[in-house]
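The structure under discussion appears below in the form of structure tokens.
The values are calculated or read from the model by the stated rules, or taken from the named source; none is laboratory data. None of these values were measured; they are calculated from a predicted model. Cβ sites come from the backbone with ideal geometry, for glycine too, and all protein chains shown count toward neighbours.
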Amino acid sequence: MSEIKETIDEQLGGGVSKVEQFYQKNKRAVQIGAGVLVLAIAGFFGLTYMNDTKEAEANSRLWMMEYYFSKDSFDLVLNGNPKAEEPIGAIEFVEEYSGTKAAQKAALMAGKAYIVKGDYTTALTYLEKFKLDDELIRPMAIGLIGDCQSELGNMEEAESSYQKAANFSANPYSTPVMLKKLGLVQESLGKHKEAAATFTRIKKEFNESETARDIEKYIARASAKAGINSFDF
């Protein structure tokens, strides 16, 4: 699968708060691990649920949407392709198969597609439909909700979402990524001591992860701003 396209940084019009400026400067760091998230989500789409006839029918119609998602063809994910063997897109699919687990998978794909397109409000409406309790994908979906909230400037809500995502189920793939996002948002809110503790958790619990590679500088920065010694943790 190709690397996930980075969300395009939009120029913010009018006055920009210090919190938003901080987040914009650190956006690339916040989005570390996006490729891992997409790979995991794509792998999850291989699961099938055959609880009833509607679920079976819904699952049989997901394959083309999943293919477009794997190719980063997000307009086709959302709207489908009338010339394709299976023309349905996520927007129509979620409505037609509402109440099925397959519709939740389609909603997750739609949410990610809208994030890439920069429509974070619409992305939220789809991501909040995803309720499946998969130990890896559920925290990633919650993390995507946090991404939308932070992009919309709702940093307190983003902090809560990243905290929930990080604590949902500890694993070496999503947890360190969510912790780093959490720490950056905590810094933007002026919670430097909490941020230092969050970054330190990555160092202690996920030292072998890609996210931990440069975590020392984040620990040092947050500790300095909090006026504490980084060795206090």
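Scan (1) surrounded by 22 or more Cβ atoms within 10 Å (Cβ to Cβ); (2) over 18 Å from Ala141 (Cβ atoms) for the single condition Ala166 breaks and write down its number.
Result: Ala166 passes all but (2).
Would you point out the residue of segment 122-142, among those that are touching a Leu at 6+ places or on another chain (Cβ under 7 Å) and not in a loop (DSSP other than H, G, I, E, B), that is surrounded by the fewest Cβ atoms within 10 Å (Cβ to Cβ)?
Of the residues in segment 122-142, the ones touching a Leu at 6+ places or on another chain (Cβ under 7 Å) are 127, 130, 138, 140-141.
Then keep just the ones that are not in a loop (DSSP other than H, G, I, E, B); that gives 127, 138, 140-141.
On the way: Leu127: 25, Arg138: 20, Met140: 26, Ala141: 28.
Among those that are touching a Leu at 6+ places or on another chain (Cβ under 7 Å) and not in a loop (DSSP other than H, G, I, E, B), it is Arg138.
Tally up the residues in segment 150-208 that are in a helix (DSSP H, G or I), free of Cβ contacts under 8 Å to residues at least 40 places away in the same chain and of a type in the set (Gly, Ala, Ser), please.
Residues that pass the stated criteria total 9.
Do we find a residue being in contact with a helix residue (DSSP H, G or I) (Cβ under 7 Å, 6 or more places away or on another chain), over 25 Å from Pro139 (Cβ atoms), crowded, with 21+ Cβ neighbours inside 10 Å and not acidic (Asp, Glu) anywhere in segment 89-97?
yes
From the list Ile88, Ile32, which residue is of a type in the set (Val, Ile, Thr) and at pLDDT 50 or above? Reasoning before the result, please.
Numbers: Ile32 fails: at pLDDT 50 or above.
That would be Ile88, the only listed residue that is of a type in the set (Val, Ile, Thr) and at pLDDT 50 or above.
Looking at Ala158, is it buried (at least 24 other Cβ atoms within 10 Å of the Cβ) and in contact with a helix residue (DSSP H, G or I) (Cβ under 9 Å, 6 or more places away or on another chain)? Before the answer, list the steps.
Values: buried (at least 24 other Cβ atoms within 10 Å of the Cβ): yes; in contact with a helix residue (DSSP H, G or I) (Cβ under 9 Å, 6 or more places away or on another chain): yes.
Against the criterion (buried (at least 24 other Cβ atoms within 10 Å of the Cβ) and in contact with a helix residue (DSSP H, G or I) (Cβ under 9 Å, 6 or more places away or on another chain)), Ala158 qualifies.
Here is a yes/no grid of residues against (1) among the polar types (S, T, N, Q); (2) surrounded by fewer than 20 Cβ atoms within 10 Å (Cβ to Cβ); (3) under 16 Å from the mean Cα position of the chain (by Cα); (4) modelled with pLDDT of 55 or more:
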residue: Gly46; (1), (2), (3), (4): no, yes, no, no
residue: Tyr49; (1), (2), (3), (4): no, yes, no, no
residue: Ser73; (1), (2), (3), (4): yes, yes, no, yes
residue: Leu78; (1), (2), (3), (4): no, no, no, yes
